[in-house]
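The values are calculated or read from the model by the stated rules, or taken from the named source; none is laboratory data. On a predicted model such as this, the values are computed, not experimentally measured, just so you know. Every residue, glycine among them, receives a Cβ derived from its backbone with ideal geometry; neighbour counts consider all protein chains shown.
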Amino acid sequence: MPLPEEAELIRIFIGESDRHAGKPLYEAIVQAARRRGMAGATVTKGIMGFGAHSRMHTATILRLSEDLPIIVEIVDRTDRIEAFLPELDAMVKEGLVTVENVRVFAYRVDGKSLKESQK
């Protein structure tokens with residue numbers, strides 16, 4: 001699916017231990033986005049952070065992993081992002097969700113833009 005030059009980015013800040021329907025929340029979010037046919041999603045694990053509770057989450061030698069921060073990013077057309085927000089809202093019980101406008105420079109597969117690869 002080609003992306004327009006003007007799109008939106010959802011950025012979801014959650015914890016590694018957050019869960020939804022018995023599975024890690026980040027996994028549930030990515031699977032929901034995939035079911036909807038969204039352009040793509042990326043999950044990144046942070047090495048340190050804190051949120052609304054001001055509790056420090058860090059990966060150190062002494063504390064190998066204490067609910068490390070997770071960021072899920074999804075870029076797609078504005079209408080598809082807006083349609084996904086209610087489902088996302090029901091899934092994320094604690095965390096931060098941001099939506100911002102982005103300019104898509106390239107969206108490629110096998111060295112070709114998605115528009116070219118669909119010909």
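Quick one: would you say A59 is more than 17 Å from the chain's Cα centre (by Cα), modelled with pLDDT under 85, of a type in the set (A, V, I, L, M) and surrounded by 11 or more Cβ atoms within 10 Å (Cβ to Cβ)? Against the criterion (more than 17 Å from the chain's Cα centre (by Cα), modelled with pLDDT under 85, of a type in the set (A, V, I, L, M) and surrounded by 11 or more Cβ atoms within 10 Å (Cβ to Cβ)), A59 qualifies. Figure legend. Inter-residue proximity from region 17-39: first residues within 19 Å of L96 (Cα to Cα), second residues part of a loop (DSSP other than H, G, I, E, B) and among the polar types (S, T, N, Q), beta-carbon distance below 6 Å, spacing 6+ or different chains. No pairs are indicated.
Note on region 40-49: among residues that are under 11 Å from the mean Cα position of the chain (by Cα) and surrounded by 15 or more Cβ atoms within 10 Å (Cβ to Cβ), the one that is farthest from L85 (Cα to Cα) is V43. Could you tell me which of the residues V72, V43, V97, V102 is in a strand (DSSP E or B), touching an Asp or Glu at 6+ places or on another chain (Cβ under 7 Å), at pLDDT 95 or above and not hydroxyl-bearing (S, T, Y)? Answer to the check: V102. One residue stands out in region 17-33 among those that are of a type in the set (D, E, K, R) and surrounded by fewer than 17 Cβ atoms within 10 Å (Cβ to Cβ): the one that is nearest to D76 (Cα to Cα), namely E27.
For (1) part of a loop (DSSP other than H, G, I, E, B); (2) at pLDDT 95 or above; (3) under 13 Å from the mean Cα position of the chain (by Cα), each residue gets a yes or a no:
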residue	(1), (2), (3)
P4	yes, no, no
I12	no, yes, yes
S17	yes, no, no
A32	no, yes, yes
M38	yes, yes, yes
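Would you confirm, using the coordinates I've provided, whether A90 is of a type in the set (A, V, I, L, M), within 19 Å of I12 (Cα to Cα), surrounded by 12 or more Cβ atoms within 10 Å (Cβ to Cβ) and modelled with pLDDT of 95 or more? No; evaluated as a whole, the condition is false for this residue.
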